[in-house]
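Participant: The structure's right below; bear with me while I get my questions together.
The values are calculated or read from the model by the stated rules, or taken from the named source; none is laboratory data. In this text the structure is predicted, and so the values were computed from the model without any measurement. When we count neighbours, we look across all protein chains shown, and the Cβ atoms used for this are built from the backbone with ideal geometry, even at glycine. SASA here: full protein model, heavy atoms, side chains in, ligands and nucleic acids out. Shrake-Rupley method; radii C 1.70, N 1.55, O 1.52, S 1.80 Å.
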Amino acid sequence: MATNAQSTKSISLASYGITHSNVHYQLSSNELHQITIEKGMGVESSLGALAVNTGEFTGRSPKDRFIVKDAITKDRVWWGDINIPFDPDKFEKLYKKVITYLGEKELFVRDAYACAENDYRTNIRVINEYPWSNMFAYNMFLRPKADELHDFVPEWTVINAPGFMADASVDGTRQHNFAILDFTKKIALIGGTGYTGEIKKGIFSALNFILPVYKNTLPMHCSANVGEGGDTAIFFGLSGTGKTTLSTDPNRRLIGDDEHGWTADNKVFNFEGGCYAKVINLSQENEPEIYGAIKKGAILENVVMDTNGAVDFEDTTITQNTRVSYPIYHIDNIQQPSIGKNVKNVFFLTADAFGVLPPISKLTPAQAAYHFMSGYTAKVAGTEAGVVEPQPSFSACFGAPFMPLHPAKYGEMLSKKMVDSGVDVWLVNTGWTGGPYGIGTRMKLKYTRAMISAAISGKLGLYTYDNYHIHSVFGVAQPRECPGVPTKVLSPRATWNDDEAYYQTAFKLSNAFRENFKKFEAHANEEIRRGGPQRYAF
């Protein structure tokens, strides 16, 4: 047993099969920072943040994510390449092997919780092999007060053993690393990878099953913020599309940057207590809030530094998926508690590698449902294992790797909320303009911010022919003018200066949309199917 540095409670792990006493419970962020440095597992950057290298894996490994197929999940989970079944007996044997491994290790344990709305609070215990992994858990989960720890009972447990390597031929895994959810035991078992994102995504995946099935609440892979008038904006998008950057706005209070729930009574609440932002090409000028959050208490992952600890945010030698985690209170302008009401605008963010989608367009309800179920973006090199260059990708609900249920379930819930709330839905291309990846350039952040600000404030005008142009391939309505944005930028075709090449590429992407949507057609009504691109071939 060990004494908590922040409370007087002792902790026993005997119920997990761990009986040794070399356990550190609820250490402070500063203590974990120092222990990591003393063990030679990290260094302090010139900005004060701890810098670590996550090892072999610098991103998630979706093909090594499993769900135990049991009485709870067998008839509910959408099984396939995303939700891969795992045998309960295999899980039990692997669990015991991991526990035996951890029984000989110094351990770091943290009690925390997910979901800022009290009615949805989920208590979590995190057992880590590494101190910096436990510091990540401190940053990313919500932090109980000291007096709440005295009678703390965990509902879910994350067991994180980066140094344990599975034997795929015996253990039932694909290779030596794994992330497995067991809904009966309420355990997220992670091994063979030091990438910390697996810790938070394990709990996110669990909530993406629990909330729709048992709580009538839509879980969302999104960021969210609140304006001075109390209006809430939601930003859907996969890694690299700008969720964190665009929701961190000095004129709006941040609810959270990645994982939220939308309740039946129209509240949006953060699952987490921190942010996990990409820092590739980060600059103080373009993203001052995120840059300012990189200080003592934050963890930089896989960045390159000089001998003085100065970070080169443009260096991708290790990975393009460089990251920082920090507690949300490192951002000055936050919503407390992390709950918003009165949703007015929903933004679907996509990094279009083809460079043919408008930088912003307004969607009809049918188009919104179609694009939500499609979840188009481009995978960015390093975000997932095996991805070495950007690729066009479709990820249902802008978060398929974390969604255990059929996408139609989440799509139906979102569509209903859109109708009930009367929200405006926008498709925002934060990707390429003037040509595809390799020819064009990335959309300027200042232009994207201006377009989102104009959408929220109503400055994009009424949805009329005079104010909007209907895209000839995708059928979406793109505004003709926007304050702070050159008119030419609003028309992707105009930025190419080559109509034939533009339309060839646009039809290529529209065909990819239609091909991808075939797997949803049986679950989508005719109106939603018509929300996709027009059926022309070039």
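Participant: List the residues, sorted by chain then number, that are 5 or more residues from H469 or on another chain and whose placed amide H is less than 5 Å from its amide H.
Facilitator: Q478, R480
Participant: Return the sequence-ordered ³J(HN,Hα) values of region 96-112 in whole Hz as given by the Karplus equation 6.51 cos²θ - 1.76 cosθ + 1.60 applied to θ = phi - 60°, using x for Gly and Pro.
Facilitator: 5, 5, 5, 4, 4, 4, 6, x, 10, 10, 6, 10, 10, 10, 9, 9, 8
Participant: Can you list the residues, at least 5 places off or on another chain, whose amide H is less than 5 Å from the amide H of I18, using H built in the peptide plane?
Facilitator: When sequence neighbours closer than 5 places are left aside, there are no close amide H contacts.
Participant: Two decimals is fine: what's Rg over Rh for region 109-181, C-alpha atoms, Kirkwood radius as Rh?
Facilitator: On the way: Rg = 14.7 Å, Rh = 13.8 Å.
Rg/Rh for region 109-181 comes to 1.07.
Participant: Rank I99, Q175, V158 by how far each Cα sits towards the positive end of the charge dipole of region 80-183 (+1 on Lys, Arg Cβ; -1 on Asp, Glu Cβ) and give me just the farthest.
Facilitator: The residue sitting most towards the positive pole is Q175.
Participant: Expressed in nm to one decimal, what extension gain is obtained for the pair K39 and N281 from 0.36 nm per residue of sequence separation less their Cα-Cα distance?
Facilitator: Numbers: separation 242, 0.36 × 242 = 87.12 nm, distance 2.96 nm.
Additional length available on full extension: 84.2 nm.
Participant: State the dimensionless ratio Rg/Rh of region 391-500 (Rg: radius of gyration of Cα atoms; Rh: Kirkwood radius).
Facilitator: Numbers: Rg = 16.2 Å, Rh = 16.2 Å.
Ratio of gyration radius to Kirkwood radius: 1.00.
Participant: Restricting to the chain, compute how many DSSP beta bridges are antiparallel as a %, nearest 5.
Facilitator: Beta bridges within the chain, antiparallel portion: roughly 60 percent.
Participant: Could you state the angle between the C-alpha long axis of helix 29-38 and the longest principal axis of the C-alpha atoms of the chain, as a value from 0 to 90 degrees rounded to the nearest 10?
Facilitator: Rounded to the nearest ten degrees, it is 70.
Participant: Write down the Kirkwood hydrodynamic radius of region 117-271, to one decimal in angstroms, obtained as one divided by the mean of 1/r over all alpha carbon pairs. Kindly include the intermediate steps, with their values, before the conclusion.
Facilitator: Details: mean 1/r = 0.0585 Å⁻¹.
Hydrodynamic radius (Kirkwood, Cα only) of region 117-271 equals 17.1 Å.
Participant: Then there is this: Could you give the size of the charge dipole of the chain about its Cα centre, using +1 on the Cβ of each K and R and -1 on the Cβ of each D and E, expressed in debye and rounded to the nearest 20? Provide the component values of the computation, followed by the final result.
Facilitator: Working: 54 positive and 57 negative charges, 199 e Å.
Here the chain has a charge dipole of around 960 debye.
Participant: Suppose R0 equals 30 Å; then what is the FRET efficiency for E155 and N30 from their Cβ-Cβ distance, rounded to the nearest 0.05? The partial results should precede the final answer.
Facilitator: Working: r = 28 Å, r/R0 = 0.94.
The formula returns an efficiency of 0.60 here.
Participant: Given the rule -39500 (n - 2.57) for each run of at least 4 DSSP H residues, summed and divided by the residues of the chain, what is its mean residue ellipticity at 222 nm, to the nearest 500 deg cm²/dmol? Please list the in-between numbers first.
Facilitator: Numbers: 14 runs with 139 residues, N = 538.
Rounded to the nearest 500, the figure is -7500 deg cm²/dmol.
Participant: Right, here's the next one. Would you work out the relative contact order for the chain, in percent, from Cα pairs under 8 angstrom that are 6 or more residues apart? Don't skip to the end; give the middle numbers.
Facilitator: Details: 1215 pairs, mean separation 73.6, N = 538.
The normalised contact order for the chain reaches 14 percent.
Participant: Shifting gears a bit: How would M165, M305, M403 line up by accessible area, probe 1.4 Å, largest first?
Facilitator: Details: M165 100, M305 55, M403 10 Å².
Most to least solvent-accessible, the answer reads M165, M305, M403.
Participant: Any idea how far apart Q504 and Q336 come out in nm if each label point goes 7 Å out from Cα toward Cβ?
Facilitator: Label-label distance for Q504 and Q336, simple model: 5.7 nm.
Participant: Here are labelled values, (i) 84, 56, 43; (ii) 72, 53, 43; (iii) 81, 71, 45, and one is the computed Cα extents along the principal axes in Å for what I pasted. Which one?
Facilitator: Read-out from the structure maps to (ii).
Participant: Oh, and also: Take the Cα radius of gyration of region 86-142 and divide it by 2.2 N^0.38 Å, with N its residue count; two decimals is plenty.
Facilitator: 1.38
Participant: Using only alpha carbon positions, build the gyration tensor of region 1-154, then give the equivalent ellipsoid semi-axes as the square roots of 5 times its eigenvalues, largest first, whole angstrom.
Facilitator: Values: eigenvalues 157, 86, 65 Å².
Here the semi-axes work out to 28, 21, 18 Å.
Participant: Taking the 0 to 90 degree range and rounding to the nearest ten, how far is the long axis of helix 197-215 tilted relative to the main principal axis of the chain, both from C-alpha atoms?
Facilitator: The answer is roughly 70 degrees.
Participant: If you don't mind, there's one more thing I want to ask. Please compute the modelled spin-label separation between A310 and K90, points set 7 Å along Cα→Cβ, answer in nm with one decimal.
Facilitator: Calculated label separation equals 5.0 nm.
Participant: Using only the Cα atoms of region 18-65, what do you get for the radius of gyration and for Dmax, in Å?
Facilitator: Final numbers for Rg and Dmax: 14.4, 40 Å.
Participant: Based on a Kirkwood Rh over C-alpha pairs, give the Stokes-Einstein translational diffusion coefficient of region 72-200 at 25 °C and viscosity 0.890 mPa s in µm²/s.
Facilitator: Values: Rh = 15.6 Å.
Value of D from the Cα-based Kirkwood radius: 157 µm²/s.
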